[in-house]
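Every read-out reported here was derived from the displayed coordinates using simple, explicitly stated rules and does not represent laboratory data. All values reported here derive from a predicted model rather than from experimental measurement. Note: ideal-geometry Cβ built from the backbone for every residue, glycine included; neighbour counts use all protein chains shown.
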Amino acid sequence: MKIEKNYNAKDTEKKIFSLWKKTGYFNPDNLPKNHKENFCIIMPPANANDPMHIGHAVGATLQDIMIRYNRMNGKKTLWLPGSDHAGFETQVVYEKKLEKQGRSRFQMTREQFYKEVWDYTQKNRKTVKKQLESMGISADWSRDTFTLDPHVIKTTYQTFKKMADEGLIYRGSRLVNFCTKHKTAFSDLEIEKLEKTDPLYYMKYGPITLATVRPETQFGDTAIAVHPEDKRYKKYIGKKLKFNTILGEKELMIIADKFVEPEFGTGAVKITPAHDFNDFEMWERHKKEMPEPIKTIDEDGKMTNVAGPYKGMKIDEARAKIVQEMLNKGFIDKIDSNYTHSVSVCYKCKKTIEPLIKSQWFIKTKPIAKPAIDALKNGEVEIIPKSYSKVYFHWLKNIRDWNISRQNWWGIAIPAWQCLDCGHWTITTGSTPKKCEKCDSKNIQRDPDVFDTWFSSGQWPFAVFKKKDFKTFYPTSVMETGYDILFFWVIRMMMLSLYVTKKPPFKKIYLHGLVRDKDRQKMSKSKGNVIDPMEITEKYGTDALRLALIIGNMPGKDVVISEEKIKGYRNFVNKIWNVFRFILINTEDYKPGKIILTKEDKQILKNFEKKSLSITKKIDNFKFSQAAEEIYHYTWHEFADKIIEKSKPVLEDKKTRKSRQYVLIEVMKGITILLHPFAPFVTEKIYQNLPIKKKSSLMIESWPK
RNA sequence: GAGUCCAUAGCUCAGGGGUAGAGCGUUCGGUUCACAUCCGAAAGGUCGAUGGUUCAAAUCCAUCUGGACUCACCA
């Protein structure tokens, strides 16, 4: 074989990957019979709305390391890939595309839109699959699953029905976070808080003055609240107060609630249950004393007809006009223009979230949160790094009910039909009911909403499996994902999996960090600092990229990647290549057979054994960065710099030549094994060309014990 | 407002009760050698501050400072 001076990653990788594919070992069913104990990782399904980015590459590499390591340890190893329809996310991406073409989903039928997005996601899935393969990942694509595959949807429906039957899901007209641009409600997780400075208006409601940033919601006021002990207002509590407003005379009940802070503003608050979360809760506490909430703002972010002359105006416009009118009429006492507070905004478009009362499906989360707390507490599940356990507990202990209705088109349609005669909701596991299950009326209508994507992806660890695999591989071994979706996804998987299967979906949760550039900036297209993994593999090779992504990457911490770093590991890969080349050139006459090892050679092997034990221990403890670093250091600065340098005269001597040849080959082989999970391509290539007894692939070579 | 994490060499980070570590970078010297995607050598840190525990603290504890992040119902 002719070996080039410099390692050619591009050519090698193609050939090696097709060799792997030919072995079929990505599929656990094809592994040799001695692979018994199961090991399974479910790949977090990549959003099917965009090609792969560097973040995917980090996760994929970490998972591939665990997969390859466990496969080499004789486990029946499954890495199950998938892709996510990513409901709202994808809808937003696709709507942007439509916008560029001068189109809009509102000019299309729902079916048309769905079909177009479907085709778009299927195309993306293929691209991402190809890209992941070029990262050298050893996932079993024969089990590739889409979050909209029939068996996944079926499971989602079964869970929804089960939860509804067991009283864990309710239909409620409650205040929800609503984005007037995207025209959908969100859960508490999908909103962001932004610090804003807004004028704080001191409005005169007859004898009481109160402070508000939203004077335009005054038409929806249904009470005024004060602290029960506030001397200034005690005399009004429980009484109705009549006063003038810009729309004429109005009457409000003065209620007492400890929520009101006497020190803030004037110590009196206007209560607008239809447009403020606190006020809504206040109404829930004081239902007897207060009328029904009054809707002042609609789904388009415009004033409703209770706003009289302001009806149809956008909020900002109405506010300005209302303030002007109040000033004219002397209803404003003063304006504090330096008031800063945090405002909820849509995490996508950053527009202010309007709290609106909407009829939606909610999950009672407290009962399903408890088992998730217990599972971590009693050690059934472990989070790496441990520090995230605290965050996990804190979030679950303060969890609120989860709104799972989304007013989107792209997603899993909710299997609920409302009777137009009696109002009853009939829930099925997917099939369309013929009539209302309560009053037998045929006059029923399907809920137009879809599920929050996280409701179905929260079921992914069990929904993804077909029956036989579920039995074999559930619960899975490790969930490896970014810390940024701990609440969105990981905790939901814990809750829903425990609820449905009674078992935690995985034993370990490994959280990796975000990828940042050399100035510690988040990578984003708009900043122009993204590193495209595909460009990098093309230029420096996949192994170099993988090493750069892993070394210096600690669980739960962000990882800094730069082209220089990748270049450094490209050099390392080339170094190994040349170590191999040296050995090959110097073992052309080598014939296996009886060998008497020199004392020195025995020592080299012994030292290497120690090294490999230490590296194994690090991998077992999920210290991938340190493990890789240790192999790097041994290979370069011990094996190449010292052992090989000293071998030159040893190889010259007939008496010691064969012993040293044997040792060099053995250690080289050992290095390819230890390094294979991290840099699979170059190690396989070397393994295939070493003068040793070998298996069909390094993938199933046994890990040193 | 609450919580979590972090602070060690120019940079990115390991380590962790008992002579301060790696990679990259820098400086100097080296190509007939497997590799210039290389080799050899060197410089560079009172381990954020203060106090405490200890025979001994960069390491454990407390407080502080600075930074990152997360959660949160002050109109």
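Across segment A:417-543, Cα-Cα pairs farther apart than 22 Å form 62% of the total.
Distances longer than 28 Å among the Cα atoms of segment A:123-268: what percent of all pairs is that? Cα-Cα pairs of segment A:123-268 separated by over 28 Å account for 55 percent.
Normalising the Debye intensity of segment A:520-578 to I(0), with uniform scatterers on Cα atoms only, and taking log10 at q = 0.24, 0.29 Å⁻¹ returns -1.01, -1.23. Taking 7 Å steps out from each Cα toward its Cβ at A:K311 and A:N30 produces label points 6.9 nm apart.
Label 7 Å along Cα→Cβ of A:E437; segment A:400-431 residues with amide nitrogen under 20 Å? From segment A:400-431, the list is A:404-405, A:413-431.
Residues A:Y170, A:Y499 in ascending order of nearby Cβ atoms (within 10 Å, fewest first): A:Y170, A:Y499.
Neighbour counts of other Cβ atoms within 10 Å put A:F639, A:F362 in the fewest-to-most order A:F362, A:F639. Note on segment A:464-507: Kirkwood hydrodynamic radius from all Cα pairs is 11.0 Å, rounded to one decimal. Counting every C-alpha pair in chain A, the share spaced more than 44 angstrom apart comes to 38%. For chain A, the longest principal axis of the C-alpha atoms and the axis of helix A:54-72 are separated by about 50°. Note on A:Y94, A:Y569: ascending count of other Cβ atoms within 10 Å places them as A:Y94, A:Y569, the fewest first. When segment A:1-57 is described by a simple charge dipole with +1 on each Lys and Arg Cβ and -1 on each Asp and Glu Cβ, the residue from A:H35, A:H53, A:Y7 located farthest towards its positive end is A:Y7.
Positive-end ranking of A:S526, A:G556, A:A463 along the dipole of segment A:408-559, with charges on Cβ about the Cα centre, is headed by A:A463.
The length gained on full extension between A:S104 and A:D532, counted as 0.36 nm times the residue separation minus their Cα-Cα distance, comes to 151.0 nm.
Listed cross-link partners A:K287/A:K358; A:K126/A:K193; A:K503/A:K669; A:K466/A:K503 are compared with a 29 Å cut-off, the Cα-Cα value being larger for A:K126/A:K193; A:K503/A:K669.
When both bridge partners sit in chain A, DSSP labels roughly 70% of those beta bridges antiparallel.
Taking each residue as 0.36 nm, the span from A:D144 to A:D374 lengthens on full extension beyond its C-alpha to C-alpha distance by 79.6 nm.
Using C-alpha pairs below 8 Å separated by at least 6 residues, the relative contact order for segment A:290-402 is 18 percent. With a Förster radius of 60 Å applied to the beta-carbon distance between A:E166 and A:D653, the computed FRET efficiency rounds to 0.15.
In this rough spin-label picture, where each label sits 7 Å from Cα along the Cβ direction, the A:D620-A:Q603 distance is 2.8 nm. In a reduced charge model with +1 at each Lys and Arg Cβ and -1 at each Asp and Glu Cβ, segment A:230-369 shows a dipole moment near 260 debye about its Cα centre.
Straight-line cross-link reach from A:K442 at under 14 Å between alpha-carbon atoms covers these aspartates and glutamates, not counting any fewer than eight positions away in the same chain: A:D421. Taking amide H as placed 1.01 Å from N in the peptide plane, the amide H of A:L241 sits under 5 Å from that of A:L252, A:M253, A:I254, each at least 5 places away or on another chain. Spin-label model, A:N398 to A:L247: label points 7 Å out along the Cα-to-beta-carbon direction sit 3.6 nm apart. Computing FRET efficiency as 1/(1 + (r/R0)^6) for A:N6 and A:D300, where r is the C-beta to C-beta distance and R0 is 60 Å, gives about 0.45. This model, with +1 at the C-beta of Lys and Arg and -1 at the C-beta of Asp and Glu, gives segment A:171-283 a dipole about its Cα centre of some 460 debye.
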